[in-house]
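The values are calculated or read from the model by the stated rules, or taken from the named source; none is laboratory data. Here the structure is a predicted model, which is why all the values come from computation and not from measurement. Cβ atoms come from the backbone with ideal geometry, glycine included; neighbour counts cover every protein chain shown. Side chains are part of the model used for accessible areas, which takes the heavy atoms of the whole protein and leaves out ligands, DNA and RNA. Shrake-Rupley method; radii C 1.70, N 1.55, O 1.52, S 1.80 Å.
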Amino acid sequence: VELLRRDVPVSAPDMARRLALDLVENERVDLLTGLHFSSNAYAVAAVATQAKVPTVIMNAASSGITARSPYTVRVSFTIAQVTLPLARWALKEGLREVCTVTADYASGVDAETAFVSGITAGGGNVGAMLRVPLATQDYTAYMLRLRELKPQAVFFFLPSGQMPAGFLRAWRDRGMADTGIRLLSTGDATDDHYLQNIGELAEGLVTSHHYSYAHESPENRRFVAAFETEYGSHLRPGYFAVAAHDAFAALDLAMASPSMRGGGSPEKLIDAFRGLKLESPRGPIEIDAYTRDIVQT
């Protein structure tokens, strides 16, 4: 197996498309994988369809990605899978008056839609839905607006990295915790890779996600131990690492399927993913036979 790496560090669909075209046309790759931002995944899906190159999504979580190309498979998660349960939990906790703060791109819109639909279906009320441009660093205006509205809870979705830490720092510095407003988010905000550095900023924050470094299963203990052997203990494996692990585990199983004996077409490889099941460090997962999307508990 030869891995060729290209880096698109931000949401940049044009760059993602250009690099994917280079890999397909000049490097003649047999498979594309990776893809952090959903906007980039949508752009690459068009390349995959035109070139008939199977593409395994390791992270991008916007709901419509696999529908964009018959050559895409997702092993990560969808925003709705981790957001709707959090809305239902909030209602059970008596949090019926809420506001949302979400990054203004495909996954952020998905998070907003899922949380709002869950809250309103349970009889709750959404006071405001605030959207934040990607790479925002100053959250002062948003904090002022939330303090003015004073809901029972605020749900936020921001992609893993600097944005959640910046939001939590502003929440602390503006004294928002003293208002009694509960703070909720998807696990992007408490990604295991960043959680130790976030430290006390995450105190009181409730998150919902599909993987935790602390998950007590034999598969996860083996995964964490192998990760630490390879990279040291200073870096915790998070949901990005698990998705990468599962992408190659699923590919290994698909390539070993009877339909691929002696080699096979891109279409046969995609068919080999359909209905595929494996025990991930996060728990049991499956690739839906119809949508080619991730199914998980």
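Of note:
- Efficiency of FRET between R88 and S265 - r from beta-carbon atoms, R0 51 angstrom, step 0.05: 0.75
- D (Stokes-Einstein, µm²/s), Kirkwood Cα radius, the chain, 1.567 mPa s at 4 °C: 64 µm²/s
- Expressed as a whole percent, the accessible area of the chain that falls on carbon and sulfur atoms is 50 (1.4 Å probe).
- Taking 7 Å steps out from each Cα toward its Cβ at T229 and E97 produces label points 5.5 nm apart.
- The long axis of helix 79-92 is offset from the longest Cα principal axis of the chain by roughly 30 degrees.
- What the Cβ-Cβ distance of L253 and L149 gives, at R0 = 35 Å and to the nearest 0.05, is a FRET efficiency of 0.10.
- Per residue solvent-accessible surface (Å²) - region 172-221, probe of 1.4 Å: 52 Å²
- Potential lengthening between A46 and R222 on full extension [0.36 nm per residue; Cα-Cα distance subtracted]: 59.7 nm
- Shape call, region 168-211: gyration tensor on alpha carbons, a/c limit 1.5: oblate
- Rounded, prolate or oblate (a/c below 1.5 giving rounded, otherwise prolate when a/b exceeds b/c) for region 68-188 by Cα gyration tensor: oblate
- Across H215, H234, H245, mean-square fluctuation computed from a Gaussian network of the chain (C-alpha pairs under 10 Å connected) peaks at H234.
- Taking all protein chains into account, the per residue accessible area for region 1-152 stands at 48 Å² (1.4 Å probe).
- Cα centroids of region 240-256 and region 130-157: 37 Å apart.
- Cα gyration tensor, region 250-297 - rounded (a/c under 1.5), prolate or oblate: oblate
- If only the Cβ of Lys and Arg carry +1 and only the Cβ of Asp and Glu carry -1, the dipole of region 113-221 around its Cα centre is close to 440 debye.
- Loop-located trypsin sites (Lys or Arg not before Pro) in region 204-297 (DSSP state not H, G, I, E or B) with no more than 10 neighbouring Cβ atoms inside 10 Å: R261.
- Angle in degrees between helix 13-25 and the longest Cα principal axis of the chain, rounded to the nearest 10: 10 degrees
- Cβ-Cβ distance of E25 and Q137, R₀ of 51 Å, FRET efficiency by 1/(1 + (r/R0)^6): the value works out to about 0.85.
- Angle between the chain longest axis and helix 38-51 axis [Cα atoms, degrees, rounded to 10]: 20 degrees
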